[in-house]
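For reference, the structure is listed below as structure tokens.
The values are calculated or read from the model by the stated rules, or taken from the named source; none is laboratory data. Everything numeric in this text was worked out from a predicted model, so none of it was measured. All Cβ positions, glycine included, derive from the backbone under ideal geometry; neighbour counts span all protein chains shown.
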Amino acid sequence: MKPDGLKSPNPDHRFKKEIRHLDGNATLKSSPFHRMKSLKFRPFIIIYGLLLLQVTGLRAQADERPHLLALEKRRFQSMVHRDTVQLSAMLGDSLIFIHSSGVIDNKQSFMKDISSGHITYLFIYPEKVIAVVDGNAGWIYGRANIRFKLSTMTTTIDQYVSFVEVYEYKRNQWQMVLCQNARIEKDAPWYNNMIPQVQSGPVPSIY
């Protein structure tokens, strides 16, 4: 029982009220739908934006290639001088380093071998190196003359290898996340007259 004088709501009345809000006679100005309708899309702005993105992407790719090559050069220098602080900053935490002997290192084991002196690089001279950049990924491939020695051996090891390195642009910097090396089974050519010729030998490469 309802008290006298109170009328139950009319469902038809509520339905008609909702319709008035949708037919444009009582448009809510703060609604997202209204704000979207007020926007005027201009085709030339969209085209200009797409062209700007394309030009920017091409410019970034052209600029990043020499940057990657310079980064690789600093990495080689860090390995030779055993600068583990600088080297660590160039290597991603997920690094996989595959030596030409088939041995696989991660960042921790690779850094440990260098910092402990287990392996000492005497020189690394890259040649015929090419860099490619595609968005946040980049890779470098080429060949290198390498001379190094192990703490367990008294002689030095000379190798001529081909390699490919993969870099990732993350947190505003390039870092190497993958390196694959392959030994070239022939004597290396002279890099120049100031650098000793590197020859293949019977000792397996661990670069």
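Residue pairs whose Cβ atoms lie under 6 Å apart, separated by 6 or more positions or on different chains, with the first residue in the stretch 151-179 and modelled with pLDDT of 90 or more and the second polar (S, T, N, Q) and part of a loop (DSSP other than H, G, I, E, B), are TYR169/ASN136. Summed over the stretch 146-163, the residues that are part of a strand (DSSP E or B) and either more than 28 Å from the chain's Cα centre (by Cα) or surrounded by 17 or more Cβ atoms within 10 Å (Cβ to Cβ) (or both) give a count of 12. Just so you know, in the stretch 164-173 the residues that are surrounded by fewer than 20 Cβ atoms within 10 Å (Cβ to Cβ) and touching a strand residue (DSSP E or B) at 6+ places or on another chain (Cβ under 6 Å) include one that is nearest to ALA89 (Cα to Cα), and it is GLU168.
Using the structure shown, decide if GLN54 is out of contact with any strand residue (DSSP E or B) (no Cβ under 8 Å at 6 or more places or on another chain), of a type in the set (S, T, N, Q) and modelled with pLDDT under 90. Here the answer is yes, as GLN54 does meet what is asked.
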